[in-house]
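Trainee: Questions regarding the structure given below will be posed in turn.
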Amino acid sequence: MSKTEQTLSIIKPDAVERNLQDQIKQEFKNKGFDIIREKKIHISKEEAERFYKVHESKPFYNDLCAYLSSGPIIVITLQKENAVIDNRKLMGATNPRDAEEGTLRKKYGISIDKNSVHGSDSIENAKIEIEFFFNN
Ligand code: CMP
């Protein structure tokens, strides 16, 4: 059964740097997402480390956190039915090389690090991630 959900999207530094935010937000709207809240921020490396704590043990953790804090990002709360899974589908595979045609990462991603967008991977993490950026 479908049900209205919220998910967190981040337009990452590589996309903001190329001024792709309006185009990407339009893609969300075209797929039926409502933008509930959004803000442009520049987080510190320590904040990025807290946000990506789940990846702490991964070899790419340090570079990932350095990257997310390297420039402005746009954090967005998206809402629609099945928002979490539908945003994952719209984003495509983590590595733009593997992403399907028409997905955001295929269209805009540069590399596995500079993959233009982040999206929550579960309803539970969506709640945590939205809280992280908007309810503090
Ligand atoms: P994101 O969806 O933001 O979640 C974690 C990020 O780590 C991921 O997108 C990628 O940009 C980045 N990353 C870098 N290397 C890897 C890797 N080998 N596997 C998965 N994610 C990676």
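Trainee: Touching a Gly at 6+ places or on another chain (Cβ under 9 Å), of a type in the set (D, E, K, R) and at pLDDT 95 or above: does that describe Glu46? Please lay out each step first, then the result.
Mentor: On the way: touching a Gly at 6+ places or on another chain (Cβ under 9 Å): no; of a type in the set (D, E, K, R): yes; at pLDDT 95 or above: yes.
No; evaluated as a whole, the condition is false for this residue.
Trainee: So, of the residues in segment 122-136 that are farther than 21 Å from Ser69 by Cβ and of a type outside the set (S, T, N, Q), which turns out to be surrounded by the fewest Cβ atoms within 10 Å (Cβ to Cβ)?
Mentor: Step one: of segment 122-136, the residues farther than 21 Å from Ser69 by Cβ are 122-124, 126-127.
Right, trim to of a type outside the set (S, T, N, Q) and you get 123-124, 126-127.
Numbers: Ile123: 15, Glu124: 10, Ala126: 22, Lys127: 16.
Filtering segment 122-136 for residues that are farther than 21 Å from Ser69 by Cβ and of a type outside the set (S, T, N, Q), the one surrounded by the fewest Cβ atoms within 10 Å (Cβ to Cβ) comes out as Glu124.
Trainee: Every residue in segment 89-108 that is more than 9 Å from the ligand (Cβ to nearest atom) and assigned to a loop (DSSP other than H, G, I, E, B), please.
Mentor: Gly92, Ala93, Ala99, Glu100, Glu101, Gly102, Thr103
Trainee: Being under 17 Å from Phe134 (Cα atoms), within 15 Å of the ligand (Cβ to nearest atom) and surrounded by 12 or more Cβ atoms within 10 Å (Cβ to Cβ): is that true of Ile43 here?
Mentor: Values: under 17 Å from Phe134 (Cα atoms): yes; within 15 Å of the ligand (Cβ to nearest atom): yes; surrounded by 12 or more Cβ atoms within 10 Å (Cβ to Cβ): yes.
Considered against the rule, which asks whether it is under 17 Å from Phe134 (Cα atoms), within 15 Å of the ligand (Cβ to nearest atom) and surrounded by 12 or more Cβ atoms within 10 Å (Cβ to Cβ), Ile43 comes out as yes.
Trainee: Anything in segment 83-103 that is more than 12 Å from the chain's Cα centre (by Cα), closer than 17 Å to Ala126 by Cα, buried (at least 17 other Cβ atoms within 10 Å of the Cβ) and not aliphatic (A, V, I, L, M)? List them, or say none.
Mentor: If we filter segment 83-103 for residues that are more than 12 Å from the chain's Cα centre (by Cα), which is where we start, we get 83, 85-86, 89, 93, 95-103.
Keeping just the survivors that are closer than 17 Å to Ala126 by Cα gives 83, 85-86, 89.
Next, only the ones that are buried (at least 17 other Cβ atoms within 10 Å of the Cβ) stay: 83, 86.
Matches in segment 83-103: Asp86 only.
Trainee: Also: When both residues are 6+ apart or on different chains and their Cβ atoms are under 7 Å apart, which pairs have a first residue that lies in segment 5-29 and is under 11 Å from Ile74 (Cα atoms) and open to solvent by less than 10 Å² (accessible area, probe 1.4 Å), and a second that is assigned to a strand (DSSP E or B) and of a type in the set (Ser, Thr, Tyr)?
Mentor: Leu8/Thr77
Trainee: Related question: So Phe51 fits all but one of (1) within 17 Å of Glu131 (Cβ to Cβ); (2) within 10 Å of the ligand (Cβ to nearest atom); (3) without any contact (Cβ under 8 Å) to a residue 60 or more places away in the chain; what number is the exception?
Mentor: (3)
Trainee: Give me the pairs: first residue in segment 109-132 and at negative phi and aliphatic (A, V, I, L, M), second residue in a loop (DSSP other than H, G, I, E, B) and open to solvent by less than 90 Å² (accessible area, probe 1.4 Å), beta-carbon distance under 6 Å, and six or more apart or on different chains, which are they?
Mentor: Listed by first residue and then by second, the contacts come to Ile112/Asn95; Ala126/Ser120.
Trainee: Residue pairs, Cβ under 8 Å, 6 or more apart or interchain, first in segment 65-89 and without any contact (Cβ under 8 Å) to a residue 24 or more places away in the chain, second away from the ligand (no atom under 11 Å from the Cβ) and among the polar types (S, T, N, Q). List them.
Mentor: Hits for this filter: Lys89/Thr103.
Trainee: Here is a check on your reading of the model: is Ser111 near the ligand (Cβ under 9 Å from one of its atoms) and either open to solvent by 30 Å² or more (accessible area, probe 1.4 Å) or of a type outside the set (Gly, Ala, Ser) (or both)?
Mentor: So Ser111 passes the test.
The values are calculated or read from the model by the stated rules, or taken from the named source; none is laboratory data. Remember, it's a predicted structure, so these values are computed and weren't measured experimentally. All Cβ positions, glycine included, derive from the backbone under ideal geometry; neighbour counts span all protein chains shown. For the accessible areas, the whole protein counts, side chains as well, though only heavy atoms, and no ligand, DNA or RNA atoms are used. Shrake-Rupley method; radii C 1.70, N 1.55, O 1.52, S 1.80 Å.
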